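Below: the structure, in structure tokens.
The values are calculated or read from the model by the stated rules, or taken from the named source; none is laboratory data. Because the structure is a prediction, the values reported are computed rather than measured. So basically every Cβ, Gly included, is an ideal-geometry build from the backbone, and we count neighbours across all protein chains shown.
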Amino acid sequence: MTDVETEVVIAGAGPTGLTLAYELALAGVETLVLEKLPRRVEQVKGGAIQPRTAELLEMRGLLKPLLRRAMPRDPVGGHFAMLPVPLDCTPWQTRHPYPITIPQWEIEEVLEERAAARGARIRRGAAVDGVENGDGVTVSADGLRVRARHLVACDGGRSTVRKLLGLPFPGRPGTYLAVLADVRLSATSSLVPRRVGHISGLTRQVNGYWAMLVPVGGDRYRLTFGREDETEATRDTPVTREEIAAALRAVYGEETVLGEVDNASRFTDATRQVEHYLY
């Protein structure tokens, strides 16, 4: 067991954990980020930065490097609850009234580079497997024992830290099940969008499916879809290449051919929240 000391240990190197690491590093706080994945996954997930987020990133000098990586996008507003009316942010008198399209892994890469440059340490392949409260906190992770004044859990909706602490996670279960997949297309029909615009122009509902296909550069797309008659799958059911190809054919025509599946998972609209954030 290797012992490490720091002021703050953060579980999770996603956008939240890395943003916090950068912010703490700016304040001169010694920070260590523990991430269970050995390498960053090139998964789109969150694919855009909203106007207020863009303003905050600009205040911290983080927006310019992200803009250099952003994808071309029609100058239209975002959405609220997927309503087919653009969300007009121009009355805010912001310099960034439209969403900025950029895959999540690009955001994470910039945040990690800037946090590390300020002195934050990011350790990958270190999955948190134990938490002990006492004089500060002791966190164990794959043969590493970290002693810190504070632990911040930024490890997502299925948080390991939350489970280790036995914290309640009340809310409501999901009412539908859908698939999110990063795919490459080897052929496309005229129904496949060529440019990012408002969500209403990217969404289709046909043949018992609803789907949204978003171009993310080259032959890569982010595909989100669900079936009206879905009854067999659960959130943990593996997503198959065959069901992705079937959804593409049903919604975007036989001419749309699946090339590769970079990654795929299922999600629901479950809504939960821990009761207290400070322990």
Flagged in segment 127-159 as closer than 28 Å to Gly61 by Cβ and not in a strand (DSSP E or B), in numbering order, are Cys154, Asp155, Gly156
Which one of the conditions (1) within 23 Å of the chain's Cα centre (by Cα); (2) farther than 18 Å from His276 by Cα does Arg158 fail to meet, given that it meets all the rest? (2)
Please count how many residues of segment 1-36 are assigned to a loop (DSSP other than H, G, I, E, B) and more than 14 Å from the chain's Cα centre (by Cα). 6
Looking at (1) without any contact (Cβ under 8 Å) to a residue 40 or more places away in the chain; (2) not in a strand (DSSP E or B), which is the only condition Leu111 fails? (1)
If we keep just the residues of segment 239-269 that are assigned to a loop (DSSP other than H, G, I, E, B) and touching a Lys or Arg at 6+ places or on another chain (Cβ under 7 Å), which is nearest to Ala178 (Cα to Cα)? Val239
Criterion: closer than 28 Å to Val251 by Cα and among the hydrophobic types (A, V, I, L, M, F, W, C) - qualifying residue of Leu144, Leu164, Leu151, Leu185: Leu185
Examine segment 183-196 for a residue that is surrounded by 17 or more Cβ atoms within 10 Å (Cβ to Cβ) and under 21 Å from the mean Cα position of the chain (by Cα), and state whether such a residue exists. yes
Please tell me if Val214 is of a type in the set (A, V, I, L, M), within 23 Å of Leu177 (Cα to Cα), outside the structural domain of Ala48 (by TED's automatic domain parsing) and in contact (Cβ under 8 Å) with a residue 24 or more places away in the chain. yes
With the checklist (1) touching a residue at least 24 places away in the same chain (Cβ under 8 Å); (2) within 30 Å of Glu242 (Cα to Cα); (3) not in a loop (DSSP other than H, G, I, E, B) in hand, flag the one item Arg162 doesn't pass. (2)
Being in contact (Cβ under 8 Å) with a residue 40 or more places away in the chain and either closer than 15 Å to Val131 by Cα or in contact with a Cys (Cβ under 6 Å, 6 or more places away or on another chain) (or both), is that true of even one residue in segment 45-52? yes
